[in-house]
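Here is the structure we will look at, set down as structure tokens.
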Amino acid sequence: QKNGFRFFMEKEIYEQSDVVSDCMLGRIKDSEINFDEINPSILDGINEIKICACGTSYHAGITSSYLFERLSKIKCSVEVASEFRYKEPLLTTDTLFIVISQSGETADTLEALKMAKNAGLRTLVVCNVDNSSMTRVSDATILTRAGIEKGVASTKAFSTQTVVLWMLSLYFGKIRNSISKEKLQSEVSTLREVPKSLKIEDSIHEKAKRLSKRYLHGHGFFFIGRDVFYPLALEGALKLKEISYLHAEGYPAGEMKHGPIALADPELFTIALMPQNMLYDKIKSNVEELSARDSTICAISPLDFDLADDFIKINKSEHYMLEFFEMLVVLQLLSMEISIRLGNDVDMPRNLAKSVTVE
Ligand code: M6R
């Protein structure tokens, strides 16, 4: 059932455009966002959102924290579920507790959800599996409708989670009256463009294949980005680690000079996420610093960048989230192609399980 693709992961990367359309179906009408499965009263008395998740779902959580604060104007924090559980967190009932999980079975996330519920918090799960443990515990559920994800490396679960959470931040903004009608309309019309930005051009896949030949020799990788491109950098690094077994770290670009830049040399590969409409000049100067110290730079950007040793050009978009999804696909393809060249089992990488139901 790989439909002619070499691996399930590849099939799932290519499915993203369609599943993201499915996940918007019925939730976007004209220029309105609605979630029939949740009641607007979910926000009554809420002053804060706390998100808990693991792995890729955690990265979707960090991405959405920028959107909740920017679009809903609600304070938002994100925690790794395994840390949250044991830190004796101070929980208050004016907090909406959101967990994110593909499987709905991840032990740490499930326990964090139970803790929040026992403390009297209102809970919501963004999940891909209906009737999973988390959907049964949580007060409310939003399904991501990605379909079964077989590859251990999460791909379409992440894109649908991100889209659902983006829609949710707009929905909350609407309930709270914290977003103008015009802004809501323009965000919704951008959302409608997401499936297009997830369509994969042959030239992009070819480029990822070509780069994989050299990049498999890298002795270390930094993925750097700012704003929502920082959690995207974390996600790019996680993908490379889990299926290629190469050392990779995701970093906020502005943090490089606080230590990591000491590692820069020609064999350190820096994958720089350089969107045109989100702090371009800032990340450009971060990348220039790395280039001056001889790091090998691969820039992913809609804008030409002379200092890059390698360059993957994505389409220009007015909205940074469209660039986000275009870059996501590039990162997924790059790690998959490196993994294939290394002869690894792309769908079932060593030491990993699809669902982590133990601590
Ligand atoms: O099912 P969940 O979303 O709760 O799983 C969380 C992580 O175990 C998962 O995202 C993991 O990091 C993936 N293998 C990443 O590709």
Checklist entry - Identify, please: which residue in region 61-75 is over 18 Å from Thr190 (Cβ atoms) and buried (at least 18 other Cβ atoms within 10 Å of the Cβ) and is, among those, farthest from the ligand (Cβ to nearest atom)? => result Ile74
Item to check | Residue match in region 76-95 (condition: away from the ligand (no atom under 11 Å from the Cβ), farther than 29 Å from Leu331 by Cβ and buried (at least 18 other Cβ atoms within 10 Å of the Cβ)) | outcome: yes
Checklist entry - Taking region 99-120 as the region of interest, how many residues are of a type outside the set (S, T, N, Q), closer than 14 Å to Tyr58 by Cβ and either without any contact (Cβ under 8 Å) to a residue 60 or more places away in the chain or near the ligand (Cβ under 8 Å from one of its atoms) (or both)? => result 2
Checklist outcome for this item: Exception for Ala60 within (1) more than 27 Å from Ser197 (Cα to Cα); (2) part of a helix (DSSP H, G or I); (3) of a type in the set (Gly, Ala, Ser) falls at (1)
Checklist entry - For Ile13, are the conditions met, namely being in contact with a helix residue (DSSP H, G or I) (Cβ under 9 Å, 6 or more places away or on another chain), under 27 Å from Met327 (Cα atoms), within 16 Å of the ligand (Cβ to nearest atom) and not in a helix (DSSP H, G or I)? => result no
Checklist entry - Got a number for residues in region 257-283 being modelled with pLDDT of 90 or more and under 22 Å from the mean Cα position of the chain (by Cα)? => result 11
Checklist entry - Is there a residue being of a type in the set (Phe, Trp, Tyr), without any contact (Cβ under 8 Å) to a residue 60 or more places away in the chain, over 30 Å from Arg85 (Cα atoms) and surrounded by 15 or more Cβ atoms within 10 Å (Cβ to Cβ) anywhere in region 299-309? => result yes
Item to check | Total residues in region 121-154, condition over 19 Å from the mean Cα position of the chain (by Cα), free of Cβ contacts under 8 Å to residues at least 12 places away in the same chain and either within 13 Å of the ligand (Cβ to nearest atom) or under 17 Å from Phe35 (Cβ atoms) (or both) | outcome: 0
Next on the checklist: Here is a check on your reading of the model: is Ser169 closer than 30 Å to Ile200 by Cα, within 13 Å of the ligand (Cβ to nearest atom), hydroxyl-bearing (Ser, Thr, Tyr) and crowded, with 24+ Cβ neighbours inside 10 Å?
Outcome noted: no
Item to check | helices (runs of 4 or more DSSP H) contained in region 194-294 and holding at least 1 residues polar (S, T, N, Q) and over 25 Å from Tyr58 (Cβ atoms) | outcome: 202-215, 280-292
Item to check | Subset of region 327-359 [among the acidic types (Asp, Glu) and more than 14 Å from the ligand (Cβ to nearest atom)] | outcome: Glu337
Next on the checklist: Being among the β-branched types (Val, Ile, Thr) and either modelled with pLDDT under 95 or within 16 Å of the ligand (Cβ to nearest atom) (or both): is that true of Ile51 here?
Outcome noted: yes
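The values are calculated or read from the model by the stated rules, or taken from the named source; none is laboratory data. All figures in this text were calculated on a predicted structure; none of them were measured in a lab. So basically every Cβ, Gly included, is an ideal-geometry build from the backbone, and we count neighbours across all protein chains shown.
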